[in-house]
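Q: Structure provided below as structure tokens; questions to follow.
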Amino acid sequence: MGFREDVSITVDALDAFARDARKREGPVLRQERLVPLQNALDVAHLIEHGGLEGQTLQRFLDTYLAASTRLHHPGYMAHQVAVPLSQSAIAALVDGFTNNAMAIYEMGPAAAAVEHAVINWMLEKIGWRPCVSEASDETADGGGVLTHGGSLANLTALLAARARVAPNAWQEGNPSHLVIVASPSSHYSVSRAAGIMGLGPVRYAPTDSAGRLDPTRLSGFLAGLQQEGTLPLALVANACGTALGLYDPLREIAHICRQHHIWLHVDGAHGASALLSQRLRHLLDGIELADSVVWDAHKMLRSSTLCAAVLTRDPLALDRAFREEASYLFHEKDQPGIDLIHRTVECTKAALGLKVFFALASQGEKSIAATIERQTAFAQETAAYLRTEPEIEVAVEPQSNIVCFRFDGPDSLQLKLRRRLTESGNFYISTAEALGRRWLRIVFMNPSTNLNDVVALINELREYLKSGV
Ligand SMILES: *Cc1c(COP(=O)(O)O)cnc(C)c1O
């Protein structure tokens, strides 16, 4: 048995996995206990003796896929992870096989060229002028790098922000009055970044009744912080927020940040992909005034995990964020290409751009934009349907593909309902805390999910309610 045979076995298994899921066959997810599952997968034996090829590979994949969560199933409505286009998965195979760790151009010129093109494509979507040549970034007004996920991307952007307000932080430590300001509905990776950077707790800015940053109170809040003697390192706005999927008013916020000389970081991990759509782009109006933007491709761009972009308006901002020396890697360049290693936490770096490039290049960006528009419209249609149900409350009118709702009753009821649903495996949804309460949360990632699926989901939840959950 060789590579071709094993790939062919794998592709057949994956194809069947997706085909059955698309036909709504089998559960969306199956929660098996850890140790029995490891035993069924025969992992200990295989680690010791090897032999994962041919029929053994086939048997392993059968067990593995049976216990895998089926994103291709229209009942998958839980998390913000893309149902990847199969081309994007092919890119993951190509990257896994070539293993060109391309943070240094010479280690993977093709991978670096594709990443550079993807970054530039994203910069143009924001409205920034990218660097098109390899000679110099000086004339561009945008730069960036791809990282393993939005959480790492947020940390990276905030390091760039710190390099501007506290350029000596690496030599002298943080100035004691440095703080990160964010929306209270910011992703937890923002407060984690603050912790990792040794900045203490995030200061949360005022919001409106839907949890969006409130520009009418922001200026006073920032002035108050400055009077208190703190030095805001950056303000983090959501585009869109994780729980409810709402966009902060970026243009107004950007103007206020400029008045106060504060770095504006836009966390567009989930929602920046709406930049592709003429119809939805208004939600991100003013994003070009930000100092940095994070944009995940593995959420709304149909790309395999992980692939997240950190983009900055100042093309050298990321280089300034990292000042460590590694003489065997960093030296005067007299070779072609660009080295990304100066811009990222990571040293060995995967060809992340290939996954989003394959996704875009298989469908074209218009088709992906159309899917984003469809999913957003479908979320709004779903909210309208849920509002007609007397015992259901909808949190907010959706601005993205996320819908939060709850049945009459306490928070614990929502959690019990979701647990029952997860045990049944017919549908997979999540929950979120927002506006002081617990909500059932649908994220429409699968383009095949339709209103009949939603109605069936609600009917199943009603059955649980009738039987006392
Ligand atoms: C998903 C998300 C993140 C985290 O991104 P990962 O790629 O999961 O690390 C950060 N911010 C927002 C707003 C998100 O929705």
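The values are calculated or read from the model by the stated rules, or taken from the named source; none is laboratory data. It should be emphasised that the depicted structure is a prediction, and the values quoted were computed from it without experimental measurement. Positions of Cβ are generated from backbone atoms using ideal geometry, with glycine treated the same way; all protein chains shown enter the neighbour counts. To get the accessible areas, we keep the full protein, side chains included, count just its heavy atoms, and leave off ligands, DNA and RNA. Shrake-Rupley method; radii C 1.70, N 1.55, O 1.52, S 1.80 Å.
Q: Of all trypsin sites (Lys or Arg not before Pro) in the range 1-67, which ones are in loop regions per DSSP and have a Cβ with at most 16 other Cβ atoms within 10 Å?
A: For trypsin sites (Lys or Arg not before Pro) across the range 1-67 that sit outside H, G, I, E and B with at most 16 neighbouring Cβ atoms in 10 Å, the list reads 23, 24, 30, 33.
Q: Wrap a convex hull around the Cα atoms of the range 68-153, take a quarter of its surface area, and give that in square nanometres.
A: For the range 68-153, averaging the hull's shadow over all directions gives 7.8 nm².
Q: Would you mind checking the pairs 416/466; 299/366; 125/349 and listing those with alpha carbons more than 20 angstrom apart?
A: 125/349
Q: Here's a follow-up. Whole number in Å², please: accessible area per residue of the range 3-67, 1.4 Å probe, ligands, DNA and RNA not counted.
A: 71 Å²
Q: Here is a further query. Which ³J(HN,Hα) values, rounded to whole Hz and listed in residue order, are derived for the range 409-425 from phi using the Karplus coefficients 6.51, -1.76 and 1.60 in 6.51 cos²θ - 1.76 cosθ + 1.60 with θ = phi - 60°, glycine and proline given as x?
A: Once θ is set to phi - 60°, the couplings for the range 409-425 become x, x, 4, 5, 5, 4, 5, 5, 4, 5, 5, 4, 4, 5, 5, 5, x Hz.
Q: Relative contact order (percent) for the chain, with alpha-carbon contacts under 8 angstrom and 6 or more residues of separation?
A: Over the chain, the number comes to 22 percent.
Q: Still on this structure: Can you tell me how much longer the chain between residue 42 and residue 15 gets when fully stretched, taken as 0.36 nm per residue apart minus their C-alpha distance, in nm with one decimal?
A: Full extension from residue 42 to residue 15 adds 7.4 nm.
Q: Something else now. Each residue of the range 148-161 in turn: what ³J(HN,Hα) in whole Hz from Karplus with 6.51, -1.76, 1.60 and θ = phi - 60°, glycine and Pro shown as x?
A: 7, x, x, 5, 5, 5, 4, 4, 4, 5, 6, 5, 5, 5
Q: With θ set to phi - 60°, apply the Karplus curve 6.51 cos²θ - 1.76 cosθ + 1.60 along the range 459-468 and write out the HN-Hα couplings as whole Hz, x wherever there is a Gly or Pro.
A: For the range 459-468, the Karplus curve yields 4, 5, 5, 5, 4, 5, 4, 4, 8, x Hz.
Q: What residues have an amide H closer than 5 Å to that of residue 231, excluding those fewer than 5 places away on the same chain, when H is modeled at 1.01 Å from N in the peptide plane?
A: Amide H neighbours of residue 231: 178, 179.
Q: What number comes out for accessible area per residue over the range 365-466 if the probe is 1.4 Å? Units Å², please.
A: Per residue, the range 365-466 has 41 Å² of solvent-accessible surface.
Q: Let me ask something else. Under 5 Å between amide H atoms, partner at least 5 residues away or on a different chain: which partners does residue 187 have, H built in plane at 1.01 Å?
A: 242
Q: Taking H as built 1.01 Å from N, whose amide H comes closer than 5 Å to the amide H of residue 78, not counting residues under 5 places away?
A: HN-HN under 5 Å from residue 78: 443.
Q: As a test of the definition: which semi-axes, in Å, follow for the range 3-67 when you take the square root of five times each eigenvalue of its alpha carbon gyration tensor? Largest first, please.
A: 22, 19, 5
Q: For the range 1-100, which GluC sites (Glu not before Pro) pass both filters: DSSP loop (anything but H, G, I, E, B) and at most 14 other C-beta atoms within 10 Å?
A: Answer in residue order: 25, 32.
Q: Taking Cα atoms of the range 365-466, Rg/Rh with Kirkwood Rh, to two decimals?
A: 0.97
Q: At q = 0.09, 0.10, 0.16 Å⁻¹, work out log10 I(q)/I(0) for the range 94-363 with the Debye formula, treating every Cα as an identical point scatterer and leaving solvent out; two decimals please.
A: Normalising to I(0) and taking log10 leaves -0.39, -0.48, -1.22.
Q: Keeping the other protein chains in place, figure out the carbon and sulfur percent of the accessible area of the chain, with a 1.4 Å probe.
A: Reported share for carbon and sulfur atoms: 52 percent.
Q: Right, next: If you count only protein heavy atoms with a 1.4 Å probe, what accessible area per residue comes out for the range 94-363, rounded to a whole Å²?
A: Using a 1.4 Å probe on heavy atoms only, each residue of the range 94-363 averages 40 Å².
Q: Okay, moving on. Determine the gain in length on full extension of the stretch residue 345-residue 456; use 0.36 nm per residue of separation and subtract their C-alpha separation, reporting nm with one decimal.
A: Gain on stretching residue 345 to residue 456: 35.5 nm.
Q: Just to confirm the filter: which GluC sites (Glu not before Pro) across the range 353-457 are DSSP coil and have at most 12 other Cβ within 10 angstrom of their Cβ?
A: Passing both the DSSP loop test and the Cβ count: 391.
Q: Summarise the long-distance tail of P(r) for the chain by giving the % of C-alpha pairs beyond 33 Å.
A: Beyond 33 Å sits 42 percent of the P(r) for the chain.
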